[in-house]
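A.B. asks: Take a look at this one; I'll ask things after.
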Amino acid sequence: MSRSSVESQLVEFATALVENSGGIIDWQSDGSQATAIVPPDLAESLGQHEESFLVKTQPGDEGLVLSLGGEFVDLAARTLRHFVPAIGAFAIDDLPVRKTEFATAVDSSFGWQNARAKVLDGSVMTVPYHAWWFHVTLQSEETWESLVSVTLNARSGVVVPLSELLNLGDLRPAKDAPSDSSTTLDQALHVAEAETMRQATTFLQRIDARRERDRKRLQDYYRALQRESSTPNKRTKAVPTAEEIESRQKAVKLELQRKLSELDERYLFSAVLRPIVLAEFRIPAVAIDVEIQRKAEKRIFRVYWNAMLKKMEPMSCSRCLRTSFNFWFTNDTVDPLCSTCHGL
Amino acid sequence: MRTKIAATNSLFDVNSGKDITDDSAHVRTSFSPSGIPIRFRTDLSEFSTTKNLATREQLQLHLTHTRLQLLRGFDELLCLEGLTGVEHLPHQIETVRKVMRRFRGRVLLADEVGLGKTIEACLLLREYLLRRLIKRVLILVPNPLVSQWHEELSSKFHLDFKIAPRTATSSRDEFWATHDRVLVSTSFARTGRRPEAIASAQWDLVIVDEAHHCRNRATKLWKLVNSLQRRHMFLLTATPVQNNLVELYSLLTLLEPGHLKTEADFKKQFVTRGNPRDPRNRHRLRDLLGEVMIRNTRGLVQINLPPRYAQTVIATPGEEESQLLIDIQQYLRDQLATAAHTNTDDAEQESPEELDASSTESADAPEAVGWDQRLTSRAGPPESTSPAGGPALALLAGPTLQEPQDNGPAGISRMRLHAILTSIGSHPATAAATLQPLAERDERARQLCERAGRISHSAKDEKLLHLLKESHEHKVLVFVASIRTLHRLQSLLMEAAIAFSTFSGEQSSTDKDAAVEQLKSSVNVMLCTESGGEGRNLQFADTLINFDLPWNPMKIEQRIGRIHRFGQTQDVFIFNLCTAGTLESRILKLLNDKIRMFELVVGEVGSILGNLDDGQEFESLVLQLWQKAPDDQQLDADFETLGDTLVAAQEKYLDAKNLDEALFGEDYE
């Protein structure tokens, strides 16, 4: 990314931040600096003493300096938290829904491996989908960060491959609050963790390799010390006794263990997922009830035909929560299992 | 904590009223590929506390902010894009990340020699500049390294720096205030009124190369660096401790005053009484150093190169060639003698461009910077330096040499003098071309030019053909300094039916790639000019022939570094061709016999030359010696003295290196 693109991102962001937080900002024609006029609490949040202040991209003593290196990003975080809501609800209305052929859609999409399935009924409805964005930080001897997004059907909890919904042209803001977000948060976190592991593979491997290298370095060093434990004292030339050698070697061994333990502690990973944004999208869908019969037991599952995807959504495995179109069912409770969990 | 989260979580209760305040419910554990536990935790405290519904733009604002945070996180380095010929190694990238994240731009980079401290510093510099974290940068380097830094910053990192001119301008505050990127030699910066002028300006970043010269707090250099107003600072040295541990204290005090408390505290805690080189409380000291210093070692980064073997091949010239060499040098000496009696205003005045275009045809024009700098110095007052660099330097600093150094013999500029002397060390055909402009106005030069042109095969030509035939099972790079020599060798190899490819600064990038590919697949020889394959992987070649020898040892080292580098798996063979009786043969003898240069690790030559404290560039020293010596006998004696100075500089370096290895060893990172 070029220098100018970072700078223009900062300028664009700062302008939107001030304007969305209740202030106004006016850039000079050459784009070098702007004057912002904001309410007192916003000024304070942005670290300014006056309600009117300069905004600029070049370092200086006064005003709000837009740079990645200074405190601007932190001030912006505080301002966003207090002034800019992070939960939104939107509707996507004008999508065609095919109610008539839902039975065929279910049959051709799903594989019921050890059960009989009977498509009962389908009804057109608006289904809420929750799109979560998480800021993920993986901390070890170094830090890795990413922005991970997960979209789920809020009714079924199933992850759906819908991205970029926020950029859709025909998005209509909803007037009422979103549905219960706590129902999808757990599942979204679970999926975000898996995605984090996937995205951070290189980082994890690098840290693993460094830890191994450091362990080897320590082991080599203390092994060398062990070898030296039997050598005579350089100054006095006194040759150590067998007891002394044993005692020294024991001490070195203990020291190595302590060092390795410290090293492992230093390389421990901790990952933090911070929800940044939740957007609920209300999308037309066909909810289809399917009766599954496993031996004598029966259970009804609801699956969805998604009007955005124009196809059936998968179901979740009851054990690992992974999505699939291919299921086995348990005997008594008729719980759906993916091929992996069924194999276990 | 619980209260805070509960308050935050009211967001989630808009409809459900559910309480998810117990964040321990969100703790899960996964494992890295090698089994290190990864503890996942959810933090809701940063989530917006505003209850209104967000618009699409407001949500996007949150996401943009997070993306900016990620950019700030330095995980994705911006500096790696758009570099030319920089083969950055994993430990260098790791160092850049560490300095950005952990050290906050104040660090002592103390990698072992040859691991690329300069690359690390330049990557960091570029990263900071690209992120607009800094604007004004001052780089302080020993005099012999100024040209190399300038050239590498420009050609590899595309960063233009102004070299402080050796004129009165540099003593004015305005110069330092108005130029945002300045490169200056430490010896020049610390003398005259310049320290005050440099200190009057504010710097975002100061880089000090060979920073062990700042080890003594009583010196002008330490005081200069300490007085600089700067936000970030990189100190670069492979040998932070040269004599005693207090030097380390002095260096780190420049970076983080108070980090090691007072000198008395430091000595009390960390220096063994009676032995200032022996540290106490090593672990504590190591921890403290780890907060301000990075030291990569070969063992740590696992770069162990295969051995290399160097051999000098002296070509004894035939009678005609031998006499020509003598006569050209005599001609130049006569010109020099005449100069002493001639008004210097009559001296030939040529710009580097004119000289380059007319005759020298330096293959890649790498020296333009250094020469330009010296030409500029003609206009200003002579630099005030002390002859602290050893006996040879003291000798050279005397008044007898100042005149010829600045002006050169009458009728011949100093640049042309250098060009002619190097050309006769390269090839008679090149010497003829270099003499040509003089031949147009001087009968004696014309005759010499004709005689040089008549020599179809030089003694080195024969040696080269012999070597190539002997090395037919190896991939060979033949380095030349002059494009004319390159053309001559092309003809020679064609006549001898030896297949080869050519890599020179004249070619397009595509042609260069094709030349390397040819060497890899279909031919065994590649003729190269100085830029020889920079940035391209040539480690499949294992033999290097220096057909001619640059006077600057760093350039010789750069040539070697093209194949004796990370990724080389075979033993490397180096053949240095030189004609008996030339200056090159003396330089080679000096470098080989005195400091055993060809056995040194890449990078060590720079450290040794950097120890020529007030030193000039090596090639400049050589030229001065030649100018000063009335005959070969005196020249041999002066080279001997220069050799002693080099040995002293090397001993100083080795002593410091041994001490640093003992102090930091493999157990330090």
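A.B. asks: Taking the square root of 5 times each eigenvalue of the Cα gyration tensor, what semi-axes in Å does the equivalent ellipsoid of the range B:505-614 have, largest first?
C.D. replies: They are 26, 16, 14 Å, listed largest first.
A.B. asks: Quick check for me: using +1 on Lys/Arg Cβ and -1 on Asp/Glu Cβ, what's the dipole size of the range B:166-274 about its Cα centre, in debye to the nearest 20?
C.D. replies: For this selection, approximately 340 debye.
A.B. asks: For each of A:Met125, B:Met597, count neighbouring Cβ atoms within 10 Å of the residue's Cβ, then give the residues from fewest to most.
C.D. replies: Sorted ascending by nearby Cβ count, the order is A:Met125, B:Met597.
A.B. asks: Can you give the charge dipole size of the protein assembly as shown about its Cα centre, rounded to the nearest 20 debye, using +1 on the beta carbon of Lys and Arg and -1 on the beta carbon of Asp and Glu?
C.D. replies: Dipole magnitude for the protein assembly as shown comes out near 3800 debye.
A.B. asks: Let me make sure I get this right: for the range B:100-232, a, b and c are the square roots of the gyration tensor eigenvalues over alpha carbons, sorted descending. Under 1.5 in a/c it's rounded, otherwise prolate if a/b > b/c, else oblate. Which is it?
C.D. replies: rounded
A.B. asks: Say the dipole of the protein assembly as shown comes from +1 at the beta carbon of Lys and Arg and -1 at that of Asp and Glu; which of B:Ala445, B:Ile608, B:Phe575 then lies farthest toward its positive end?
C.D. replies: Value computed over the given set: B:Ile608.
A.B. asks: If you average the alpha carbon positions of the range B:215-268 and of the range A:170-186, how far apart do those two centres end up, in angstrom?
C.D. replies: Result: 59 Å between the Cα centres.
A.B. asks: Oh, and also: Between B:Ala168 and B:His466, take the C-beta separation as r, use R0 = 41 Å, and let me know the FRET efficiency to the nearest 0.05.
C.D. replies: Rounded to the nearest 0.05, the efficiency is 0.15.
A.B. asks: May I ask for the Kirkwood hydrodynamic radius of the protein assembly as shown, worked out over all distinct Cα pairs and given in angstroms to one decimal?
C.D. replies: 33.7 Å
A.B. asks: Further question: Within a 10 angstrom radius of the beta carbon, how do B:Leu138, B:Leu336, B:Leu252 rank from fewest other beta carbons to most?
C.D. replies: Fewest-to-most Cβ neighbours within 10 Å comes out as B:Leu336, B:Leu252, B:Leu138.
A.B. asks: For B:Thr434, A:Thr202, which order do you get if you count the other beta carbons within 10 Å of each Cβ and list the fewest first?
C.D. replies: Neighbour counts put them in this order, fewest first: A:Thr202, B:Thr434.
A.B. asks: Sticking with this one: For B:His232, list long-range residues whose amide hydrogen, built 1.01 Å from N in the peptide plane, is under 5 Å from its own amide hydrogen.
C.D. replies: B:Leu205, B:Val206
A.B. asks: I've got another one for you. Between beta-carbons, use under 10 Å as the cut-off and find the net charge around B:Ala197, counting Lys and Arg +1, Asp and Glu -1.
C.D. replies: Local charge sum for B:Ala197: 0.
A.B. asks: Defining a contact as two alpha carbons under 8 Å apart and six or more residues distant in sequence, what relative contact order in percent does the range B:515-608 show?
C.D. replies: 27 percent
A.B. asks: Could I ask something else about it? Among the trypsin sites (Lys or Arg not before Pro) in the range B:579-650, which ones are in a DSSP loop with at most 16 other Cβ atoms within 10 Å of the Cβ? Mind listing them?
C.D. replies: Those satisfying the criteria are B:Arg596.
A.B. asks: So what is the diffusion coefficient of the range B:226-305 in µm² per second by Stokes-Einstein at 4 °C and 1.567 mPa s, using a Kirkwood Rh over Cα pairs?
C.D. replies: 93 µm²/s
A.B. asks: Going toward the positive end of the dipole of the range A:121-179, with +1 on Lys and Arg Cβ and -1 on Asp and Glu Cβ, which of A:Phe134, A:Val160, A:Leu171 do you reach last?
C.D. replies: Result: A:Leu171, furthest along the dipole toward the positive end.
A.B. asks: Once you order the gyration tensor axes a ≥ b ≥ c over the Cα atoms, which shape class does the range B:410-476 get: rounded for a/c under 1.5, otherwise prolate or oblate by comparing a/b with b/c?
C.D. replies: prolate
A.B. asks: Now for a different question. If amide H atoms are built 1.01 Å from N in the plane of the peptide, which residues on other chains or at least 5 residues away come under 5 Å of the amide H of B:Val572?
C.D. replies: Long-range HN contacts for B:Val572: B:Arg308, B:Tyr309.
A.B. asks: Run the dipole for the range A:1-131 about the Cα centre, Lys and Arg Cβ at +1, Asp and Glu Cβ at -1, nothing else charged, and hand back the magnitude in debye, nearest 20.
C.D. replies: 980 debye
A.B. asks: Roughly what would the spin-label model give for B:Asn304 and B:Lys220, points 7 Å off Cα along C-beta, in nm?
C.D. replies: For B:Asn304 paired with B:Lys220, the spin-label model returns 4.6 nm.
A.B. asks: Put +1 on the Cβ of each Lys and Arg and -1 on the Cβ of each Asp and Glu in the protein assembly as shown; which of B:Thr95, A:Ala91, B:Val476 then has its Cα farthest toward the positive end of the dipole?
C.D. replies: Comparing the listed Cα positions along the dipole, A:Ala91 ranks first.
A.B. asks: Run the numbers on chain A and let me know its relative contact order in percent, using alpha-carbon pairs under 8 Å that are six or more apart.
C.D. replies: Normalised by residue count, the contact order of chain A is 21 percent.
A.B. asks: Output ³J(HN,Hα) for the range A:133-146: one whole-Hz value per residue in order, computed from phi by the Karplus curve 6.51 cos²θ - 1.76 cosθ + 1.60 with θ = phi - 60°, and x for Gly and Pro.
C.D. replies: Once θ is set to phi - 60°, the couplings for the range A:133-146 become 10, 10, 8, 9, 10, 10, 10, 9, 5, 10, 10, 10, 9, 7 Hz.
A.B. asks: When Cβ neighbours within 10 Å are restricted to other protein chains, what is their mean count per residue of peptide A:276-289?
C.D. replies: Per residue, the number of nearby Cβ atoms from other chains is 2 on average.
Read the figures in this text as sums done on the coordinates, not as results from a lab. Values in this document were obtained by computation on a predicted structure and should not be read as measured data. Positions of Cβ are generated from backbone atoms using ideal geometry, with glycine treated the same way; all protein chains shown enter the neighbour counts.
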